[in-house]
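Q: Take this structure, written in C-alpha cells, and hold onto it; I'll ask about it next.
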Amino acid sequence: MGKILGIIGGGQLGMMIAEAAKKMPNEISEIIVLDPTENCPAAQVGATQIIADFKDKDAIVELSEKSDIITYEIESGDSDILKSVEKNAEINPSPETLRIIQDKYLQKTFLKENNIPVPDFVKIENIEDVKNTLKEYGYPALLKARRDAYDGRGNYKIDSEEMIQEAYDYFKGQKLLLEKFVPFKMEVSVIASRNTKGQIKTYPLVENIHEENILRETIAPARVSEEITKKAELIAEKTMAVLKGAGIFGIEMFVTQDDSIVINEIAPRVHNSGHHSLQSSETSQFEQHLRAILGLELGSTKLIHNTIMYNILGSKEFQGEYKPLEISDEGVFLKMYGKKVSKPLRKLGHFNLVGSKGESIAQLIEKLNTLKDRAAV
Ligand code: ATP
Ligand code: MG
Ligand code: MG
C-alpha cells in the first residue's frame, strides 16, 4: 500500500513534487496539499487541497492526521506547530532543521559555528546597530529580514549613510540581520539530497544568473574551473554532514573575486536552480526528494545533457490575466505553472533548453537569446 503524502505549499514546487509522486503509485497513493490559493498549481495536477494559510494550526493538524508523511515546498511554515504534529506523520526535512534554516540569522550562525564560510553578518536589534556595523563593514551592505523572504523581497541594499533610515523603516518591526556585500564573480548552487537512511547524493554544480535578486537562468554545469567545482562540492558535503534531516537541500553559494566559496543561503526544499534536472538528469530533483523522504535508494544525479533553465517572469509593466506561453521548438521543454494572474516578476513558468549530443553551453546561450523575446509574458 502506498503512503499518503502531505505537502505544505502547493505552488510550482509543490506541483512538480506532486507530478513526481503521481509517477510512483506503489509508494504514494494520494497527495494532499495545504495552500491558501484556491485551485493552486499542485491541485491542478491532481493533489487534494486543504485551503488554508501555511501557518494555520488547525489546518496543519488536519493535514498531519490525513497524511502518513509530510514535506514542504516553502520554508516559512511554523516549525513549532510542525514539531507538535510529528506524532501523527513523519515530517521531512525535520522541524528542527527547518527552525534553523528558516531564520537567516540562526542559519548563518549555525554554518559559521561549523566552520562553513558565510559572508560577515550581525544580528540587528535597532538602528544604532546598523549605523555602528556599517562603520566597520563599509558600503554597500545588505539589510535582510531574518524570516519569510524570497526572490530578494526581504533584502535592502544600503549604498550610503543617507539610506540607513529608509532601509530600516522598510522592514517595519521585522527581525533583521546586516550582511557584508560580497562582490561575487558568480553565483552557483548545489542541490544535495539525503535519504532517511543517511545516503547522500549531490547534483553537479550549476551557475545561477539573477536579475533584480530573482533567479533568471541556471546553467548546468557551471562554467568554472575544476578547482572551484571541487571547493563548492566540498562545502556542500561539509554542510550536509552537519545539517540533519532527509530531503533535498538547495545550497546557494557565491564564488568570490579570489575564487573562494561562501554560502549565501540554504533552502530546505527543492530549489529553482534544480529545475534543469527534469530533463538533464535521470532523476529529477522532485523524484529525488521523494526517494529521500521515503527512504528509497537515491537515483543517479549525473548530468546527461548540458542544459539551461530559463525562468518565465511576469512583465514589470503588467498585472492581470495573461495567456500562457506555448513554445514547442526542438530541445525546449516548457512548463507553465497554471497561475492565472501575472504580477511583476512573478515566477509563471520555466523552460529547459536541453543540449543535444555535444552541444556546448555557448551554443545553448545563442539559442536562448533567440527565444527570450518569445518567452515574455
Ligand atoms: P531566494 O528566492 O533565493 O530565497 P532570498 O529572498 O532568500 O532569495 P537571498 O538569496 O538572500 O534572498 O538574496 C537574493 C540575491 O541577492 C542573491 O541571490 C544575490 O544575488 C544577492 N545577494 C544576497 N546576499 C548578498 C550579499 N551578501 N552580497 C551580494 N549579493 C547578495
Ligand atoms: Mg531564500
Ligand atoms: Mg536566495
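The values are calculated or read from the model by the stated rules, or taken from the named source; none is laboratory data. These numbers were taken from a predicted model, which means no experiment stands behind them. Here the Cβ is made from the backbone with ideal geometry for all residues, glycine too, and neighbour counts use every protein chain on show. These accessible areas exclude ligands, DNA and RNA; they are computed on the full protein's heavy atoms, side chains included. Shrake-Rupley method; radii C 1.70, N 1.55, O 1.52, S 1.80 Å.
Q: Per the Kirkwood treatment, what hydrodynamic radius in Å, one decimal, follows for the range 293-340 from the mean inverse distance over all distinct Cα pairs?
A: About 14.7 Å for the range 293-340.
Q: Just to be sure I understand the model, the point goes 7 Å from the Cα along the line to the Cβ. What's the resulting GLN44 to SER160 distance in nm?
A: Calculated label separation equals 4.5 nm.
Q: Here's another thing I want to ask about it. Quick one: Debye curve from the C-alpha atoms of the range 12-76, no solvent, what's log10 I(q)/I(0) at q = 0.13, 0.21, 0.25, 0.30 Å⁻¹?
A: Relative scattering, expressed as log10 I(q)/I(0), comes to -0.31, -0.84, -1.18, -1.53.
Q: Per DSSP helix of 4 or more residues, -39500 (n - 2.57); summed, then divided by the residues of the chain. What does that give at 222 nm, rounded to the nearest 500?
A: Numbers: 12 runs with 108 residues, N = 377.
Dividing the helical sum by the residues of the chain leaves -8000 deg cm²/dmol.
Q: Hand me the GluC sites (Glu not before Pro) from the range 237-334 located in a DSSP loop with no more than 16 other Cβ atoms within 10 Å, in residue order please.
A: GLU282, GLU297, GLU317, GLU326, GLU330
Q: Something else about it: Between LYS83 and SER225, what's the calculated FRET efficiency when r is the beta-carbon distance and R0 is 56 Å? Round to 0.05.
A: 0.85
Q: A further question follows. If we count every other residue with Cβ under 11 angstrom of GLU297's Cβ, Lys/Arg +1 and Asp/Glu -1, where does the sum land?
A: Every neighbour counted, the sum reads +3.
Q: Taking the Cα centre of the chain as the origin, how large is its charge dipole in debye, to the nearest 20, when only Lys and Arg (+1) and Asp and Glu (-1) carry charge on their Cβ atoms? Walk me through the intermediate numbers first.
A: On the way: 48 positive and 57 negative charges, 86 e Å.
Here the size comes out at about 420 debye.
Q: Could you point to the residue in LEU325, ILE100, GLY274 farthest towards the positive end of the chain's charge dipole, with +1 and -1 charges on the Cβ of Lys/Arg and Asp/Glu respectively?
A: Most positive-ward Cα: GLY274.
Q: Another question, then. Only Lys, Arg, Asp and Glu count, each charged at its Cβ (+1, +1, -1, -1), so figure out the dipole size of the range 238-348 about its Cα centre, rounded to 20 debye.
A: Approximately 520 debye in magnitude.
Q: GNM on the chain, C-alpha springs below 10 Å: top fluctuator among GLY274, GLY245, GLY314?
A: Ranking GLY274, GLY245, GLY314 by mean-square fluctuation puts GLY314 first.
Q: Using Cα centres only, tell me the gap between the range 283-315 and the range 30-84 in whole Å.
A: 22 Å
Q: Looking at the square roots a ≥ b ≥ c of the eigenvalues of the Cα gyration tensor of the chain, which shape do they give, rounded for a/c under 1.5, prolate if a/b is larger than b/c, or oblate?
A: rounded
Q: Using the Kirkwood formula over every pair of different C-alpha atoms, what hydrodynamic radius in Å results for the range 55-119?
A: 12.6 Å
Q: Taking K and R as +1 and D and E as -1, what net charge do the other residues with C-beta under 11 Å from the C-beta of ASP53 add up to?
A: Around ASP53, the surrounding residues sum to -2.
Q: Let me ask another. How compact is the range 278-377 by the rule of thumb for globular proteins, expressed as Cα Rg over 2.2 N^0.38 Å?
A: Expressed relative to 2.2 N^0.38 Å, the Cα Rg reads 1.24.
Q: May I ask you to list the trypsin sites (Lys or Arg not before Pro) in the range 260-368 that are in a DSSP loop and have at most 15 other Cβ atoms within 10 Å of their Cβ?
A: Of the trypsin sites (Lys or Arg not before Pro), the ones in loops of the range 260-368 whose Cβ has at most 15 other Cβ atoms within 10 Å are LYS302, LYS316, LYS340, LYS357.
Q: What's log10 of I(q)/I(0) for the range 125-199 at q = 0.15 Å⁻¹, Debye sum over Cα points only, no solvent?
A: Result of the Debye calculation: -0.58.
Q: Another question about this same structure. For the chain, what does the relative contact order come out to in percent, with C-alpha contacts under 8 Å and a separation of six or more?
A: In percent, rounded to a whole number, it is 13.
Q: Rg(Cα) of the range 155-262 divided by 2.2 N^0.38 Å? Intermediate values should be presented prior to the final figure.
A: Values: Rg = 16.7 Å, N = 108, 2.2 N^0.38 = 13.0 Å.
For the range 155-262, the normalised Cα radius of gyration comes out at 1.28.
Q: Leaving ligands, DNA and RNA out of it, work out the accessible area of HIS305 with a 1.4 Å probe and give it in Å² to the nearest 10.
A: Surface accessible to solvent at HIS305 totals approximately 60 Å².
Q: Here is a follow-up. Considering only DSSP states other than H, G, I, E and B, which GluC sites (Glu not before Pro) in the range 1-92 qualify as loop sites with at most 11 other Cβ atoms within 10 Å?
A: GLU38
Q: Taking only the alpha-carbon atoms of the range 182-321, what semi-axes of the equivalent ellipsoid follow from 5 times the gyration tensor eigenvalues under a square root, in whole Å, largest first?
A: In descending order the semi-axes read 24, 20, 14 Å.
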